[in-house]
């Protein structure tokens, strides 16, 4: 469920940030309200996901996926363009997300995840 909460948080943040551009400095009521609702929802669900996920991993995924999705949103809704270097950078961000969320042992439940009891007993054993 924690992954679902993180996904809701990320999409809510993207909605809020997209609305922030459309709010034109908070001069438009509808998009301004969407900014507030989007960010409140995002932080609420980020908090729920942090019950299980490590804060560093959750925030890294939030920031990386949010960045990629905001770029897509800017392209779709505002006609913003990317050059080749920006596209390469986004591809590297996506590769990082795959490594962190799918391969890293730092996320509970991931392949190769560190067993906390083994890690704590290793810390007490002299080397």
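Residues that are over 11 Å from residue 10 (Cα atoms) and surrounded by fewer than 17 Cβ atoms within 10 Å (Cβ to Cβ) within region 51-72 comprise 51, 52, 54, 55, 56, 72, listed in sequence order.
Is there any pair with a first residue in region 79-104 that is more than 16 Å from residue 66 (Cβ to Cβ) and a second that is loosely packed, with under 13 Cβ neighbours inside 10 Å and at pLDDT below 90 whose Cβ atoms are under 8 Å apart and which are 6 or more apart or on different chains, and what are they? Matching pairs, first to second residue: 102/111; 103/111; 103/112; 104/112.
The values are calculated or read from the model by the stated rules, or taken from the named source; none is laboratory data. This structure is a prediction, so every number in the text was calculated from the model and none was measured. Positions of Cβ are generated from backbone atoms using ideal geometry, with glycine treated the same way; all protein chains shown enter the neighbour counts.
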